[in-house]
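Read through the structure below, which is laid out as structure tokens, and then see the notes.
The values are calculated or read from the model by the stated rules, or taken from the named source; none is laboratory data. This structure is a prediction, so every number in the text was calculated from the model and none was measured. Positions of Cβ are generated from backbone atoms using ideal geometry, with glycine treated the same way; all protein chains shown enter the neighbour counts. Heads up: the accessible areas ignore ligands, DNA and RNA and are worked out on the full protein's heavy atoms, side chains in. Shrake-Rupley method; radii C 1.70, N 1.55, O 1.52, S 1.80 Å.
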Amino acid sequence: CRRVDVPDIIRLNELSWEGVRLLSQTGALNPVNLECIAFDQVLFNHAVFSSVNLQGVLFTGGQSSGVKFEGGSSLRCAVFEGVDLRGVDFGDSDLTGTLFSNVDLSTAKLTREQLEQAVFHNSELPKGIPSDVRIRTLARK
């Protein structure tokens, strides 16, 4: 993943999307496209994302506990920075290149493949990860 600054990025700050359900009526054939949006201090508790394209999305601060990603939602190259991710279920989402920085994933549901796809920095990982799972981390500065 290469990160680029997009001058016309949509920024959604300090909103409450608590309990919202975003889904595509045509599923993975035509996902809801939220690519490259920045969510700063947004409340997503118990929201459901089904067949949603969240590639390159930036989540900073805010709360997303109990969120569910399903239907092949893509989080490729997304960034979660300082977000409350307790109890999040990443379902069958693609986390290739997704960065988790300063987050608590101890109660999140991640598959073995997702753990190997993502990158972690200063984050608490789920309990009971098998020792043969290859976890990628960023060095602390």
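Rounded if a/c is under 1.5, else prolate if a/b is larger than b/c, else oblate: which is region 87-141, with a ≥ b ≥ c the root eigenvalues of its Cα gyration tensor? Let's see the in-between values first.
Details: a/c = 1.32, a/b = 1.28, b/c = 1.03.
Rounded is the answer for region 87-141, as its axis ratio a/c remains below 1.5.
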Would you mind checking which residues have amide H under 5 Å from residue 87's amide H? H placed 1.01 Å from N; only 5 or more apart, or other chain.
66, 107, 108
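What accessible area per residue comes out for region 78-141, rounded to a whole number of Å², with a 1.4 Å probe? Working shown, then result.
Values: 3360 Å² over 64 residues.
That works out to 53 Å² for each residue.
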At a probe radius of 1.4 Å, what is the per-residue accessible area of residue 68, in Å² to the nearest 10?
80 Å²
Everything considered on the Cα gyration tensor (a ≥ b ≥ c; rounded for a/c under 1.5, else prolate if a/b is larger than b/c, else oblate), region 36-94 must be described as oblate
Can you list the residues, at least 5 places off or on another chain, whose amide H is less than 5 Å from the amide H of residue 136, using H built in the peptide plane?
120
As a test question: what accessible area, to the nearest 10 Å², does residue 89 have when a 1.4 Å probe is rolled over all protein chains in place?
40 Å²
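Grab the other residues whose beta carbon is less than 14 angstrom from that of residue 129, score K and R as +1, D and E as -1, and report the net.
Numbers: positive: 109, 112, 127, 134, 136; negative: 113, 116, 124, 132.
Charge balance in the 14 Å sphere: +1.
Determine the relative contact order of region 64-141: mean sequence separation of Cα pairs under 8 Å and six or more apart, normalised by residue count, in whole percent.
26 percent
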I'd like the accessible area for residue 96: 1.4 Å probe, protein heavy atoms, all chains in place, Å² to the nearest 10.
50 Å²
Theoretical gain in end-to-end length, residue 46 to residue 106 [0.36 nm per residue, Cα-Cα removed]:
19.9 nm
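At 1.4 Å probe size, put 98, 137 in order of accessible surface, largest to smallest.
137, 98
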